[in-house]
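Engineer: Can you keep this structure in mind? I'll have questions shortly.
The values are calculated or read from the model by the stated rules, or taken from the named source; none is laboratory data. From a predicted model like this one, the values you see are computed outputs, not experimental measurements. Cβ placement follows ideal geometry from the backbone for every residue including glycine, while neighbour counts extend to all protein chains displayed. Surface accessibility is based on the protein's heavy atoms, side chains included, excluding ligands, DNA and RNA. Shrake-Rupley method; radii C 1.70, N 1.55, O 1.52, S 1.80 Å.
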Amino acid sequence: MNILFTICGRAGSKGFKNKNLKEMRGVPLAYYTLAAITGYMKEHPEDNVTVALNTDSEPLVEIIKKQTTIPVRYVKRKEELAGDVVPKVDVIKDTYLTCFDANADIVIDLDITSPVRRVEDVENIVAEYNKDRYDLVFSVVEARRSPYFNMVENKPDGYYRKICISDYTARQQAQKSYEMNASIYAYNPMFLNEKIEKTILDYNCGISVMPDYLVLDIDSEEDFAMMQYLHSYYCNADAGLMRVYEEARQICRLSN
């Protein structure tokens, strides 16, 4: 299988300044992403893997260039793709069209600020992608709240009611809901070759379920503080997370 892994990180962030440049437990966040990729490559030497970084951040480029564990192609973020409201899929599409031709089988984006993932999570999303003719597959966790039962929104009459109309009296009766955890996205190259005019959730999507404690992503100082604290705890409880952490530490050591 020919796989393009994309890593996307623009300069700055209004919500959390320079979040893509942060270090978690002494390791740059980007190295956790590289660690998941190298771990996958070790398990699947039969796959042909390309890794590409799309960014307009020179400090992020320098962080990636310091490591010698895995070759990375650099795609300069176009100015028109660097805005606050640009869909990330447009950046991934540009990366794919820059780096690959029709021989790609799958494009997998690993978010820098969702570093708490395991090699098996990447394997699972590839396996799910191969089951059907999806446009994309993304990682999720089982939601602890349900739009059919205990999630509300402000309705046109000014009152707050359930998001989805239902007569359920217990959460267990409601259709199972999932929360996207912004960690892994697997795109069909044929989908990326087409004009994308709607949000990605309006296309033919599949999901790959991760454990609910892997829901965290970093979008604020508070998120980052919580992530560092919980990462230490979960590494001791989950060998898969520890494996990626040790791989990331090794990448860090070899880059110094």
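Engineer: How big is D, in µm² s⁻¹, for the chain by Stokes-Einstein at 10 °C and 1.306 mPa s if Rh is the Kirkwood radius over C-alpha pairs?
Structural biologist: Roughly 82 µm²/s, to the nearest whole number.
Engineer: Give me the number: length gained by fully extending N2 to S232, i.e. 0.36 nm times residue separation minus the C-alpha to C-alpha distance, one decimal in nm.
Structural biologist: 79.4 nm
Engineer: Which length gain, in nm to one decimal place, applies between N154 and D84 when the Cα-Cα distance is subtracted from 0.36 nm times their residue separation?
Structural biologist: Values: separation 70, 0.36 × 70 = 25.20 nm, distance 2.58 nm.
Net length gain for the segment: 22.6 nm.
Engineer: I would also like to ask the following. With every protein chain left in place, what is the accessible area of L81 in Å² (1.4 Å probe, nearest 10)?
Structural biologist: About 30 Å², rounded to the nearest 10.
Engineer: Still on this structure: Can you give me the % of accessible surface on the chain that is carbon or sulfur? Probe 1.4 Å, all protein chains present, nothing else counted.
Structural biologist: That share works out to 48 percent.
Engineer: Round to the nearest 10 and give me the degree value, 0 to 90, for the angle of helix 221-237's Cα axis relative to the longest principal axis of the chain.
Structural biologist: Taking the Cα atoms of the chain, the angle to 221-237 is about 80 degrees.
Engineer: Right, next: Helix 119-129 versus the longest principal axis of the chain: what is the Cα-based angle in degrees, 0 to 90, to the nearest 10?
Structural biologist: The helix 119-129 is inclined about 60 degrees to the chain.
Engineer: Okay, which of the range 99-118 sit inside 11 Å, backbone N to the point 7 Å along the Cα-Cβ direction of R73?
Structural biologist: In the range 99-118, the label zone of R73 (backbone N under 11 Å from the point 7 Å along Cα→Cβ) covers 99-104.
Engineer: Would you mind classifying the range 133-256 by shape? Square roots of the alpha carbon gyration tensor eigenvalues, ordered a ≥ b ≥ c; an a/c under 1.5 is rounded, otherwise it is prolate if a/b is larger than b/c and oblate if not. Please list the in-between numbers first.
Structural biologist: Details: a/c = 2.24, a/b = 1.43, b/c = 1.57.
Taking the square roots of the gyration eigenvalues as a ≥ b ≥ c, the range 133-256 is oblate.
Engineer: Roughly how many nanometres apart are two label points built 7 Å out from the Cα toward the Cβ at D223 and E46?
Structural biologist: Distance between the two pseudo-spin positions: 3.7 nm.
Engineer: Another question, then. If the chain between K131 and A143 were fully stretched, how many nm would it gain, using 0.36 nm times the residue separation less the Cα-Cα distance?
Structural biologist: Contour length minus Cα-Cα distance gives 2.0 nm.
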